[in-house]
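Only the coordinates and a few stated rules stand behind these numbers; no lab work does. Please read all numbers here as calculations on a predicted model, not as lab measurements. When we count neighbours, we look across all protein chains shown, and the Cβ atoms used for this are built from the backbone with ideal geometry, even at glycine.
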Amino acid sequence: MIGKGIAKGFIETARNFVGSYTDESRLVTVQYPEEREPLKENTRNFPFLVYDGEDAEKGLRCVACKICEKDCPPQCIYIVLERDEKGRPQKHPKVFDIDVSVCMSCQICVEVCPFEAIKMDTEFELSQTDRFQGLLLDKVQLAKSNSYYHKLHPTEAAAVDAKLAEEKAKKATPAPAPSTAAPPQPAPSKT
Amino acid sequence: MSLLLTAGAFFVFIGILAGLFGVTTILERKGLGRLQNRYGPNRVGPFGFLQFAADGLKMLTKEDIVPRTADRIVHFLAPLALLIPVCLSFSVLPFGPKLVFLDFDAGLLFFFAVGAATELAVFMAGWSSRNKYSLLGAMRAIAQMISYEVPLVISSLTVVMLVGSLSLTNIVREQEPVLFGFLHTWHVFTPWGLAGFILFLIAATAESNRTPFDIPEAESEIIAGYLTEYSGFKYALFFLGEYLGLFAMCGLGITLFLGGWLPPFAFLGFIPSPIWFALKLLAMIALFIWVRGTLPRLRVDQLLNFAWKFMLPMTLINFVVAALWHYSGNWGLPAGFALRWLICGTVVMVPYLLLARLFTRKFIPRTYRYAE
């Protein structure tokens, strides 16, 4: 009989209407500023710089090698190497700017960084009143602690920490004795 | 003097209706949300009920853009040409026994004559915008409105035929006699009235461009149809006109079939008549919102087929049923009311089922040559 499907549709919408008032689980809307869904672990947005320890300036892992600057496809990274008064390079960035209005979140900087110094942030509420200077993040704004990194991407950060510890251990170990398959030396206690 | 007073009261009344328009937009948005398991607007004011004020202010302060090649005068006049006839059509609706601004003998005729002017306004809007989407929308609107005007008028004429008057107050008074000691004889309680009311509702939905029949402004097909080139307050005026047109249609449906200002039961007569009218109006609007939240849009050919091959025959059959109902009253049938209902109901239902069979045979087994 014609009209049966229409009647079914009316019953369905009426059920929705009543159900949405009685059964909260029907409403899938997340009321964003007050409620938010937890971010997935692999979320990424814009890069930040990781520092170890307490002092953001001293603890920066970045050595201003400029690999990320060269590899950045939209060229949103700008680095100036710090030099001392005699002009010797200091393995430390004097300026490290990322223009997040240009950044396309490709994560290539993270891929190429040999020092695990740059990682992806998940912060997405970046609106500014000044769209030019406000979105050009400098070194101070970009520096985030290692514990912050651990909070964002726990699995990845643990792997990075393990790798860094291993490298450090290898460096601290006296490099000789490549000829003999020496028994594994006890790792130096000082890390 | 009394004319001036009537005019003043009329404008106050239109103001009230404009307020009702604001409230309806927010109720519609919230209701539609709930029908689709959403919250709907809930940020501005308590439970989002001031959203319409925010929207109105936004519309007022927006830039009014007129296309360079548009026919400026017609483009400017179109919203007014829509709004003024719609406001005039309220003047003949009886909201209470005494609460009718122009108690014409030919009130129904006036209502339809004025209501038909909205088609001109829609075409003015579409033509003057000099935009293909606007023109397409206007063409569709003309095709739709003229097609559905016919069943709309015929389904109303059934009432006129039985009441024997075109005056809307007389039509309501005719529904006043009490049945079984408590029930007013609203026309919707008769088989021809029920069928006529449903046909009227469908045609009224099409006349007021509401969702299953919103093809003149189908967003997903032709942007906004004849509204495409309108912005700012002119756009708001169009919306106001459409909603007031919907209220007017609801009011007419209430007057013709749902007993106008009369309460459903005679013992509820102590509640003032305008309140009953307002309650019925709200119920009708809620019904239209429900329809909008449920049914998807028709295709143009489906729409016209439905109008000419289904609505028109059904309204004509309804004529016959109304005559049968009228004369069977004198036959002295045993168990009169129930038997008359049965006979007349059969006379409506059989052609309905046959027509429906015709339609389903044509539409259901659908084959695609290229898609799939």
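Evaluate the charge dipole of segment A:1-111 about its Cα centre and quote only its size in Debye, nearest 20, assuming +1 on the Cβ of each Lys and Arg and -1 on the Cβ of each Asp and Glu.
On the way: 16 positive and 19 negative charges, 93 e Å.
The dipole magnitude comes to about 440 debye.
What number, rounded to the nearest 500 deg cm²/dmol, is the helix-based mean residue ellipticity at 222 nm of chain B, given -39500 (n - 2.57) per DSSP H run of at least four residues and division by all its residues? Display every interim value, and only then the final one.
Details: 14 runs with 243 residues, N = 372.
Value at 222 nm, helices only, nearest 500: -22000 deg cm²/dmol.
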For the residues B:LEU258, B:LEU166, what sequence is obtained by ranking on other C-beta atoms within 10 Å, fewest first?
-> B:LEU166, B:LEU258
For A:PHE48, enumerate residues with amide H under 5 Å from its amide H, sequence gap 5+ or separate chain, H modeled in the peptide plane.
-> A:LYS119, A:MET120, A:ASP121
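Rounding to the nearest 20 debye, state how big the charge dipole of chain A is about its Cα centre with +1 on each Lys and Arg Cβ and -1 on each Asp and Glu Cβ. Write out the running numbers ahead of the final one.
Numbers: 26 positive and 29 negative charges, 112 e Å.
My answer is approximately 540 debye.
Tell me what chain A gives for mean residue ellipticity at 222 nm when only DSSP H runs of n ≥ 4 count, each as -39,500 (n - 2.57), the sum divided by the residue total, rounded to 500 deg cm²/dmol.
Working: 6 runs with 59 residues, N = 191.
Helix-only estimate at 222 nm: -9000 deg cm²/dmol.
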The residues B:SER273, B:SER231, B:SER129, sorted from fewest to most surrounding Cβ atoms within 10 Å, come out as B:SER231, B:SER273, B:SER129
Added length on full extension, which subtracts the Cα-Cα distance from 0.36 nm per residue, B:LYS132 to B:ASP103 | 6.2 nm
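Using the beta-carbon distance between B:ARG43 and A:ALA14 and R0 = 35 Å, what value does 1/(1 + (r/R0)^6) give for FRET efficiency, to the nearest 0.05?
Values: r = 26 Å, r/R0 = 0.75.
In this case the efficiency is close to 0.85.
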Candidates B:PRO351, B:PRO85, B:PRO212; GNM for chain B (alpha-carbon contacts under 10 Å) flags as most fluctuating B:PRO351
Grab every C-alpha pair in segment B:236-323, bin the distances at 10 angstrom width from 0 up to the longest one, and report whole percents.
-> 14, 28, 38, 17, 3
Number of partner chain Cβ atoms within 10 Å, mean per residue of A:10-16 | 5
Hz values of 3J(HN,Hα) by residue in segment B:234-240 - Karplus curve (6.51, -1.76, 1.60), Gly and Pro given as x = 5, 4, 4, 5, 4, 5, 4
Other residues with Cβ under 13 Å from the Cβ of B:PHE257 give, with Lys and Arg +1 and Asp and Glu -1, a net charge of 0
Per-residue average of other protein chain Cβ atoms inside 10 Å, peptide B:349-356 -> 1
Residues of B:24-34, mean number of Cβ from any other protein chain within 10 Å of their own Cβ, rounded to a whole number?
-> 2
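Between A:GLN31 and B:ALA323, what's the calculated FRET efficiency when r is the beta-carbon distance and R0 is 41 Å? Round to 0.05. Show your work: numbers first, answer last.
Values: r = 58 Å, r/R0 = 1.42.
Once rounded, the FRET efficiency stands at 0.10.
Within 10 Å of each residue's Cβ, count the other Cβ atoms and sort B:TYR368, B:TYR39, B:TYR226 from fewest upward.
B:TYR368, B:TYR39, B:TYR226
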Highest-MSF residue in chain B out of B:GLU217, B:GLU63, B:GLU229 [GNM, Cα springs under 10 Å] = B:GLU63
Once phi for every residue in segment B:54-69 is put through the Karplus expression 6.51 cos²θ - 1.76 cosθ + 1.60 (θ = phi - 60°), the whole-Hz ³J(HN,Hα) values, with Gly and Pro written as x, are 4, 5, x, 4, 4, 4, 5, 8, 6, 5, 9, 9, 10, x, 4, 8
Helix B:132-163 vs. chain B, principal-axis angle (Cα, 0 to 90°, nearest 10) = 20 degrees
Rounded to the nearest 10 degrees, the helix A:154-172 long axis (Cα) sits at an angle to the longest Cα principal axis of chain A of 10 degrees
Could you go through segment B:196-211 in sequence order and give the Karplus-derived ³J(HN,Hα) for each residue, using 6.51 cos²θ - 1.76 cosθ + 1.60 with θ = phi - 60°, rounded to whole Hz, and x for Gly and Pro?
-> x, 5, 5, 4, 4, 4, 4, 5, 5, 4, 5, 5, 9, 6, 9, 3
How far, in degrees from 0 to 90, does helix A:4-22 lean away from the longest principal axis of the Cα atoms of chain A, to the nearest 10?
-> 60 degrees
Most mobile of B:ALA204, B:ALA286, B:ALA78 in a GNM of chain B (Cα contacts under 10 Å) | B:ALA286
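Determine the sum of side-chain charges near B:PRO67: Lys and Arg each +1, Asp and Glu each -1, restricted to other residues whose C-beta is under 10 angstrom from that of B:PRO67. Present the calculation step by step, with values, prior to reporting the outcome.
Details: positive: B:ARG68, B:ARG72, B:ARG130; negative: B:ASP71, B:GLU229.
Surrounding charge for B:PRO67 is +1.
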The simple spin-label model distance between B:ALA54 and B:PHE182, using points 7 Å out along Cα→Cβ, in nm, is 4.6 nm
Calculate the length of the line joining the C-alpha centroid of segment B:134-173 to that of segment A:105-124, in whole Å.
-> 68 Å
